[in-house]
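Heads up, the thing below is written out as structure tokens.
The values are calculated or read from the model by the stated rules, or taken from the named source; none is laboratory data. These numbers were taken from a predicted model, which means no experiment stands behind them. Using ideal geometry, Cβ is built from the backbone for each residue, glycine included, and neighbour counts are taken over all protein chains shown. We work out accessible area using only protein heavy atoms, side chains counted, and drop any ligands, DNA or RNA first. Shrake-Rupley method; radii C 1.70, N 1.55, O 1.52, S 1.80 Å.
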Amino acid sequence: MATNWQTAVSERQMGERRKFAASLSLDKAATWIVLVPVAFFFVYPLWKLIALSVQTEAGLGLRYFAEVLANARTWEAVGHTITAAGLSTLISIGLGVSLAWLCAYTDIRGKAAIHALALLPLLIPSYVMTLAWTQLAGPQGVLNRAASWLAGGPVELWNVYGLDGIVVVMGLTHYPLVYMLTLSVLYRIPKELEWAAHSSGASARTVFARVTLPLALPGIAGGGLLAFISGLDNFGIPAFLGIPENIAVLSTLIYEEVIGFGPSAFARAAVLSVLLGVIALAGTGLQWGLLRKSRVDQTSAEDKSIRRSLGKHRLAVEIAVGGFLLVTSVLPLLSMAANAFVKAYGLPFVPENLTWKHFAFVLFDHAGTRGAIGNSLMLASMAGVLCVVAGTLFAYWRIHKPSAAGKAMEGAVALPYALPGMVLGLAMILTWIEPIPGWQPGVYGTVWLILIAYVTRFLILQVKSSTVSIMQVGKEVEEAARINGGRFWTRWRRILLPLYAPGMATGLFLVFLTAFTELTISSLLWTSGSETIGVVIFSFEQAGSTTYSTALSTVIVVAILLALSAGSLWKRYWQRRIER
């Protein structure tokens, strides 16, 4: 009897051990299935880039570093890069913090409209906003023409081309980053702390300096560093405003090296990319630390009650804020659209000078534009679908199987997005010319290389977005479905996907919109037949065809605004459906 009982126990233990061993095997297999593509698509290209920078004819060495660092133009570009990113960050912080404080604390009216207009420069591609600014404040722009008309002779109030223009346009493009992060932190500062300081006799200025500002500092610093990194990464603004004035920053210098096709062009570009990558990664690490601290401080629930009345100054403040948003968010786009309608660049905007022919040319007559629109739509759609599938599965695995390896792989997936796009573009070229010695898959020089680059760069957007949705759905929901007999696909189709859908759709929308108007990576990877919208607009502008570039940009802005409206309506509809 005892022997039978011991045998039964032994068999049960063996069965449990087999299940445990099978579970471990599945976990290991899943880890390897994720690890191999992450290592190949996300880490290997960057290793190739670094390897090329130290590879010489005589073996490994720092010859190209010495050459590049001895060149005065390199240090000039480094100086311009840090100046543009640094000063534009100061502008972003000043504007972003002021607007966030007004919206979070005061009784200013029209907060929804202020929020939408403040985010507009961030939603429109930076090169389109830059083009819009050239039509407002260029030598033949609306601003200088109006000044000349008022003065009765040629007057140039301000020319947006040059380093000062780069600084201002970058600051006005990136301040929404500071605004969003600061607004989020301000909403979470407990008002009881400020009331206690007021009760102790502290003035409004003292409360702000001693209570509000220190608590909001992590968010402000995080937003400022994000603006600084975006300034380092930006290619469109310095390309449109700096190249015509022979002002180079590191991103445009890398572009010039690659398209120069010199004997050591790729190696020199790799060295510049390493320099730019090191600066960007240092900033990203600092930002991550500050945002982590910011999350620790944000333990309070959001409080959107009014804490400060503007009193008799409210109307004046509203007029000032409205005027600022009108000039910085709306007027440049209107100037750009107006220029797209005139028959020739520089003509006055009067009825006899207006025409639709520029729109007809870019939409129907110019084969390159039609091809570029088709390529951008195809690339953005495929990148969105690939990212939503791969990113959601990765996020699901990462949350349900937490491990150090998973955390490291998420860091690897985020790396291409943290690096400047020009650095990733060069890494893609070096990788896919010959991914494995002796093997040429035929991807280099085709539109598929751009697709691989887009997925590599933007996958983290989908991962983060899907992660938020998956974390909001408890594991017990899936477990209940499993206990009730729901198979794997049934659980996903009928339970999980409807609940994950809002986050997945948000990530899909972000990836699609970002890829649809991308310029930096495309400017390095495009070849004849694989042009994208950003490349065509850039080419029009470089060729002096401003009316065509403004016409195509106007079409893109209208398409983006329509897409944003449709996305917002769909999200509201889906939330109401889930709530029912």
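Which of the residues that make up segment 162-183 are surrounded by fewer than 18 Cβ atoms within 10 Å (Cβ to Cβ) and part of a helix (DSSP H, G or I)?
D164
Which of (1) farther than 30 Å from Y179 by Cα; (2) modelled with pLDDT of 90 or more; (3) open to solvent by less than 70 Å² (accessible area, probe 1.4 Å); (4) of a type in the set (G, A, S) is the odd one out, the single condition A77 does not satisfy?
So the condition that A77 fails would be (1).
Name the single residue, out of those in segment 81-107 being in contact with a helix residue (DSSP H, G or I) (Cβ under 6 Å, 6 or more places away or on another chain) and over 22 Å from F208 (Cα atoms), that is most open to solvent (accessible area, probe 1.4 Å).
The selected residue is L87.
Would you confirm whether any residue within segment 506-520 is within 16 Å of M428 (Cβ to Cβ), open to solvent by 50 Å² or more (accessible area, probe 1.4 Å) and of a type outside the set (D, E, K, R)?
no
For residues in segment 108-129 being at pLDDT 90 or above and part of a loop (DSSP other than H, G, I, E, B), which is least open to solvent (accessible area, probe 1.4 Å)?
Among those that are at pLDDT 90 or above and part of a loop (DSSP other than H, G, I, E, B), it is I108.
Within segment 141-152, is even one residue without any contact (Cβ under 8 Å) to a residue 60 or more places away in the chain, open to solvent by less than 10 Å² (accessible area, probe 1.4 Å), over 30 Å from A515 (Cβ atoms) and in contact with a helix residue (DSSP H, G or I) (Cβ under 9 Å, 6 or more places away or on another chain)?
Checking segment 141-152: at least one residue is without any contact (Cβ under 8 Å) to a residue 60 or more places away in the chain, open to solvent by less than 10 Å² (accessible area, probe 1.4 Å), over 30 Å from A515 (Cβ atoms) and in contact with a helix residue (DSSP H, G or I) (Cβ under 9 Å, 6 or more places away or on another chain).
Going residue by residue through segment 235-254, is there one that turns out to be assigned by the TED database to the domain that holds L131 and modelled with pLDDT under 85?
Among the residues of segment 235-254, not one is assigned by the TED database to the domain that holds L131 and modelled with pLDDT under 85, which makes the answer no.
Look at V535 and say whether it is in a helix (DSSP H, G or I), modelled with pLDDT of 90 or more and under 23 Å from the mean Cα position of the chain (by Cα).
So V535 passes the test.
Starting from segment 468-489, take each residue that is hydroxyl-bearing (S, T, Y) and list its partners that are surrounded by 11 or more Cβ atoms within 10 Å (Cβ to Cβ) and outside any helix (DSSP H, G or I), counting only C-beta distances under 9 angstrom and pairs at least six apart or across chains.
Matching pairs, first to second residue: none at all.
For Q135, indicate whether it is of a type outside the set (G, A, S) and either farther than 24 Å from S230 by Cα or in the same structural domain as T550 (by the TED database) (or both).
no
Under 9 Å between Cβ atoms, which residue pairs at least 6 apart in sequence (or on different chains) link something in segment 336-347 that is charged (D, E, K, R) with a partner that is outside any helix (DSSP H, G or I)?
Listed pairs, sorted by first residue: K343/L354; K343/T355.
Let's see how each residue does on (1) over 23 Å from the mean Cα position of the chain (by Cα); (2) open to solvent by less than 30 Å² (accessible area, probe 1.4 Å):
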site	(1), (2)
W448	no, no
I470	no, yes
L496	yes, yes
A501	no, yes
